[in-house]
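The values are calculated or read from the model by the stated rules, or taken from the named source; none is laboratory data. Predicted, not measured: the structure shown is a model, and the values here were computed from it. Reconstructed Cβ throughout: ideal geometry from the backbone, glycine too, with neighbour counts over all protein chains shown.
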């Protein structure tokens, strides 16, 4: 039945979109609050994935290694915010982009030196277990990965919509001066946001480690995709980013299944989506102005 | 007016560059060709940067030039130099179309889309080879029968042309338009400068030279494959060298290209260190000397004039 196959393709796309959403949310959060485009965001994913790999080697399952990855990446985020991002907050955009791009090169090459350039993977007992629901099939690992991402995204949604911290974040994003006049400490929020975004990247890395190969340039593979998502969803919009990751995940899955040459077209899909959107709707799905 | 001192400086520089093949070993000549290639890339990137746009797609246009030249040779057996110029021409046309799409937007959109373009082109070429069962690499005849001296003179002429273009731009009215767009795009629009138009002009000029440098690549090496020309490190070179030497200055990209290319060639024995050093240079340069070497020397001169004799 061809429509069953099509459904399978769609479901697999949706499952991978969970991770994309995690990565892109961190990126868009930093942009929304700090107004900095972080090219090194993909490297947080890579570091998270390697953490998960080495913890797995010493017997800790990926779901539990989240507990290590979150504080570790948050610390790294705080450190980077203090010494690198903070000094250029008022600099021109070109300087900020070049700085974070340089940072990503540094983190990549440190990873190349520390870990071997070979591809490694986390092989759990559900790694090659298929799940069949009414003849729609997907890997159990993809399911685990999706639910990790889904759970964290729900938590994030709650945090931003219903807590005091979330209110402050949204206030800063809306109007920085007005928020500061109301007594919100922007500087503190910058630190928290960057650390928070870094751990989101780390979580995405742990989730990815279950379904993909891990290698030092993993972050580079993610950064273009997450930029595509952020542009599609509108810079700074979290709901937009979630919807856009679904679009990217599903389109990649469809192209991977139906196009000649299959999943090799990966990066091209993201690019074509960006170009289509820049032509049709330059401000993204939910963007205004 | 160009002062007499500057003229003398350039006169001797060109004479020196012209005599270089007779002074150095073949290996160093190879490095010199590489330096010139990077000067073209750095100068061209700087032209776009003057309008406040940051291209992460240098490798994309380099690759378009390289593959156009290769395909022209395969299909029509044109003479080598014509192939190379057709590469530059097609890169310029591609950048015109591409610029019309994404140069209306500011900063980050352009940076990301150019990065995406490079990746998409690389993937497309790999897939086209895979689907048509062609081997991934293509061999072409080496230009001038492999005589490196002639290849050096060819790329030297292109390099000089790109430098002269850059200087002409900096002396012309266009430079004021570029600078006004970079510093305040809304203000520029207000006084009647059309930002998109000037951004596209800068982008097309820059891509033309990058395309020629790309077209030169296969005919100098005799071999080409997608991963080598659509390599992100070519885009990185384009960004780091002007930044290191001095953004928006005329001499900066040239100095940056000479220093960093020689440095990275001599450091070749530890390959990953190359990228690490580039990354560190970027971070340190942005944090501590955002104006590059040329800018830092200028501000040193303002602060401590006694360090610099009048003649400089």
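Do we have residue B:212 as within 23 Å of the chain's Cα centre (by Cα), over 23 Å from residue B:80 (Cβ atoms) and in a helix (DSSP H, G or I) here? Explain how you work it out, then say what you get.
Values: within 23 Å of the chain's Cα centre (by Cα): yes; over 23 Å from residue B:80 (Cβ atoms): no; in a helix (DSSP H, G or I): yes.
Spelling it out, it is not the case that residue B:212 is within 23 Å of the chain's Cα centre (by Cα), over 23 Å from residue B:80 (Cβ atoms) and in a helix (DSSP H, G or I).
Within the stretch A:1-88, considering only helices (runs of 4 or more DSSP H) that don't extend past its boundaries, which have at least 3 residues that are in contact with a strand residue (DSSP E or B) (Cβ under 7 Å, 6 or more places away or on another chain) and under 30 Å from residue A:171 (Cα atoms)? Outline the logic, then answer.
On the way: elements: A:2-34, A:41-57, A:62-80.
Counting at least 3 such residues, we get no helices (runs of 4 or more DSSP H) at all.
Would you mind stating whether residue B:110 is within 13 Å of residue B:57 (Cβ to Cβ), within 10 Å of chain A (Cβ to nearest Cβ) and out of contact with any helix residue (DSSP H, G or I) (no Cβ under 6 Å at 6 or more places or on another chain)?
Numbers: within 13 Å of residue B:57 (Cβ to Cβ): yes; within 10 Å of chain A (Cβ to nearest Cβ): yes; out of contact with any helix residue (DSSP H, G or I) (no Cβ under 6 Å at 6 or more places or on another chain): no.
Answer is no for this residue.
Quick one: is residue B:165 within 14 Å of chain A (Cβ to nearest Cβ), in contact (Cβ under 8 Å) with a residue 12 or more places away in the chain, out of contact with any strand residue (DSSP E or B) (no Cβ under 8 Å at 6 or more places or on another chain) and surrounded by fewer than 19 Cβ atoms within 10 Å (Cβ to Cβ)?
Considered against the rule, which asks whether it is within 14 Å of chain A (Cβ to nearest Cβ), in contact (Cβ under 8 Å) with a residue 12 or more places away in the chain, out of contact with any strand residue (DSSP E or B) (no Cβ under 8 Å at 6 or more places or on another chain) and surrounded by fewer than 19 Cβ atoms within 10 Å (Cβ to Cβ), residue B:165 comes out as no.
For residues in the stretch A:108-136 being assigned to a helix (DSSP H, G or I) and more than 8 Å from every other protein chain (Cβ to nearest Cβ), which is farthest from residue B:280 (Cα to Cα)?
Restricting attention to the stretch A:108-136, the residues satisfying the condition of being assigned to a helix (DSSP H, G or I) are A:108-114.
Imposing the further condition that a residue be more than 8 Å from every other protein chain (Cβ to nearest Cβ) reduces the set to A:111, A:114.
Details: A:111: 14, A:114: 17 Å.
Ranking the qualifying residues of the stretch A:108-136, first place goes to A:114.
With the structure loaded, tell me whether residue B:87 is within 18 Å of residue B:238 (Cα to Cα), within 18 Å of the chain's Cα centre (by Cα) and away from chain A (no Cβ under 14 Å) or whether it fails that test.
Numbers: within 18 Å of residue B:238 (Cα to Cα): no; within 18 Å of the chain's Cα centre (by Cα): yes; away from chain A (no Cβ under 14 Å): yes.
In short, no.
Might you check whether a residue that is buried (at least 20 other Cβ atoms within 10 Å of the Cβ) and within 14 Å of chain B (Cβ to nearest Cβ) occurs anywhere in the stretch A:149-157?
Looking for residues that are buried (at least 20 other Cβ atoms within 10 Å of the Cβ) and within 14 Å of chain B (Cβ to nearest Cβ), one finds none in the stretch A:149-157, hence no.
So for the stretch A:82-93 (the condition being more than 22 Å from residue A:225 (Cβ to Cβ), more than 9 Å from chain B (Cβ to nearest Cβ) and under 20 Å from the mean Cα position of the chain (by Cα)), does at least one residue qualify?
yes
Of the conditions (1) surrounded by fewer than 17 Cβ atoms within 10 Å (Cβ to Cβ); (2) without any contact (Cβ under 8 Å) to a residue 24 or more places away in the chain, residue A:95 clears all except one; give me its number.
The one condition residue A:95 does not meet is (1).
If you check A:217, A:248, which single one turns out to be touching a helix residue (DSSP H, G or I) at 6+ places or on another chain (Cβ under 9 Å), closer than 30 Å to residue A:76 by Cα, at pLDDT 85 or above and surrounded by fewer than 24 Cβ atoms within 10 Å (Cβ to Cβ)? Lay out the reasoning, then the answer.
Numbers: A:248 fails: surrounded by fewer than 24 Cβ atoms within 10 Å (Cβ to Cβ).
Sole residue among the options that is touching a helix residue (DSSP H, G or I) at 6+ places or on another chain (Cβ under 9 Å), closer than 30 Å to residue A:76 by Cα, at pLDDT 85 or above and surrounded by fewer than 24 Cβ atoms within 10 Å (Cβ to Cβ): A:217.
Would you mind telling me which numbered condition in (1) facing chain A (nearest Cβ under 7 Å); (2) under 18 Å from residue B:48 (Cβ atoms) residue B:100 fails?
It fails just one condition, (1).
Which condition number does residue A:78 fail, the rest of (1) over 20 Å from residue A:218 (Cα atoms); (2) within 14 Å of another protein chain (Cβ to nearest Cβ); (3) in contact (Cβ under 8 Å) with a residue 12 or more places away in the chain being met?
So the condition that residue A:78 fails would be (2).
Hey, can you tell me all the residues within the stretch B:113-134 that are within 21 Å of residue B:62 (Cα to Cα) and more than 8 Å from chain A (Cβ to nearest Cβ)? I'd like the intermediate steps shown before the answer.
Applying the first criterion (within 21 Å of residue B:62 (Cα to Cα)) to the stretch B:113-134 yields B:113-129.
Hits for the stretch B:113-134 are B:114, B:118, B:121, B:125, B:128, B:129.
So how many residues does the stretch B:215-231 have that are in a helix (DSSP H, G or I) and either surrounded by 20 or more Cβ atoms within 10 Å (Cβ to Cβ) or free of Cβ contacts under 8 Å to residues at least 12 places away in the same chain (or both)? Even if it seems obvious, please write down each step before you answer.
At the first step, the residues of the stretch B:215-231 found to be in a helix (DSSP H, G or I) are B:215-221, B:226-229.
Still in the running and either surrounded by 20 or more Cβ atoms within 10 Å (Cβ to Cβ) or free of Cβ contacts under 8 Å to residues at least 12 places away in the same chain (or both): B:215-220, B:226, B:228-229.
Total satisfying the criteria: 9.
Quick check on this structure: which one of B:96, B:75 is over 25 Å from residue B:233 (Cβ atoms), surrounded by fewer than 24 Cβ atoms within 10 Å (Cβ to Cβ), out of contact with any helix residue (DSSP H, G or I) (no Cβ under 6 Å at 6 or more places or on another chain) and at pLDDT 90 or above? I'd like the intermediate steps shown before the answer.
Values: B:96 fails: out of contact with any helix residue (DSSP H, G or I) (no Cβ under 6 Å at 6 or more places or on another chain).
Just a single option satisfies the conditions, and that option is B:75.
So that you can scan it fast, the table gives a plain yes or no per residue for (1) buried (at least 22 other Cβ atoms within 10 Å of the Cβ); (2) free of Cβ contacts under 8 Å to residues at least 60 places away in the same chain; (3) under 17 Å from the mean Cα position of the chain (by Cα); (4) within 15 Å of residue A:16 (Cα to Cα):
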{"site": "A:181", "(1), (2), (3), (4)": "no, yes, no, no"}
{"site": "A:198", "(1), (2), (3), (4)": "yes, no, yes, no"}
{"site": "A:203", "(1), (2), (3), (4)": "yes, no, yes, yes"}
{"site": "A:241", "(1), (2), (3), (4)": "yes, no, yes, yes"}
{"site": "A:272", "(1), (2), (3), (4)": "no, yes, no, no"}
{"site": "A:278", "(1), (2), (3), (4)": "no, yes, no, no"}
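Of all residues in the stretch A:235-245, how many are at pLDDT 80 or above and within 12 Å of another protein chain (Cβ to nearest Cβ)?
Adding up the residues that qualify gives 0.
Considering only residues of the stretch B:117-159 that are at positive phi and within 25 Å of the chain's Cα centre (by Cα), which is surrounded by the most Cβ atoms within 10 Å (Cβ to Cβ)? So that I can check it myself, show each step before the final result.
Just the residues of the stretch B:117-159 that are at positive phi, to begin with: B:133, B:144-146.
Now narrow it down to the ones that are within 25 Å of the chain's Cα centre (by Cα): B:144, B:146.
On the way: B:144: 17, B:146: 11.
It comes out as B:144.
Conditions first: (1) free of Cβ contacts under 8 Å to residues at least 60 places away in the same chain; (2) within 12 Å of the chain's Cα centre (by Cα). Residue A:219 passes all but one, so which condition is the exception?
The one condition residue A:219 does not meet is (1).
Give the residue, chosen from A:173, A:187, that is under 21 Å from residue A:31 (Cα atoms) and exposed (fewer than 14 other Cβ atoms within 10 Å of the Cβ). Walk me through it before giving the result.
Details: A:173 fails: exposed (fewer than 14 other Cβ atoms within 10 Å of the Cβ).
Selected residue: A:187, the only one of A:173, A:187 that is under 21 Å from residue A:31 (Cα atoms) and exposed (fewer than 14 other Cβ atoms within 10 Å of the Cβ).
What tally of residues in the stretch B:286-301 results from selecting those that are facing chain A (nearest Cβ under 8 Å) and either modelled with pLDDT of 80 or more or surrounded by fewer than 17 Cβ atoms within 10 Å (Cβ to Cβ) (or both)?
So in the stretch B:286-301, the residues facing chain A (nearest Cβ under 8 Å) come out as B:286-287, B:290.
Checking which are either modelled with pLDDT of 80 or more or surrounded by fewer than 17 Cβ atoms within 10 Å (Cβ to Cβ) (or both) leaves us with B:286-287.
Counting residues in the stretch B:286-301 that are facing chain A (nearest Cβ under 8 Å) and either modelled with pLDDT of 80 or more or surrounded by fewer than 17 Cβ atoms within 10 Å (Cβ to Cβ) (or both) gives 2.
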